[in-house]
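Presented below is the structure to which this report refers.
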Amino acid sequence: RVIEDLPAFVDRAYVVDDGSTDDTWAEITAYAARKNDAHEGRYEDLVVPIQHERNRGVGGAIKTGYQRALAEGVEATAVLGGDDQMD
């Protein structure tokens with residue numbers, strides 16, 4: 001639901017699968033593909049799935065997102081948990 005409910009003002013979302021051992025990666029890529037197909041905005045893709053081969057913890061996942069945003073010249077960032085508790 002987090003991917004589906006991204007606010008319209010979001011230009012880019014890095015969704016990090018932090019070494020999950022279930023179907024999380026398949027879910028992320030499926031939802032990302034649907035969201036990206038309907039997306040028109042500053043970047044070609046709104047949702048960028050990133051997969052860690054091994055678990056690095058929440059800090060590692062956040063760091064990966066920040067590094068990717070920095071590399072792509074994103075000017076402002078925010079962290080949003082995957083548990084859908086934030087508005």
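Where a number appears in this text, it was derived from the coordinates with a stated rule and is not lab data. Everything numeric here is computed off the predicted structure, so don't read it as measured data. Because the Cβ atoms are built from the backbone with ideal geometry, glycine has one as well, and the counts that use them run over all protein chains shown.
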Check your understanding: Across the range 56-73, what is the total count of residues that are in contact (Cβ under 8 Å) with a residue 24 or more places away in the chain and in a loop (DSSP other than H, G, I, E, B)?
Key -> 2
Point to revise | Residues located in the range 5-24, provided they are surrounded by fewer than 16 Cβ atoms within 10 Å (Cβ to Cβ) and outside any loop (DSSP other than H, G, I, E, B) | key: THR24
**Study point:** Among the residues listed as ARG54, ARG34, the single one being closer than 12 Å to GLU4 by Cα and loosely packed, with under 14 Cβ neighbours inside 10 Å
**Key:** ARG34
Study note, to complete from the structure: With criteria (1) in contact with a Ser or Thr (Cβ under 6 Å, 6 or more places away or on another chain); (2) without any contact (Cβ under 8 Å) to a residue 40 or more places away in the chain, VAL16 comes up short on (2)
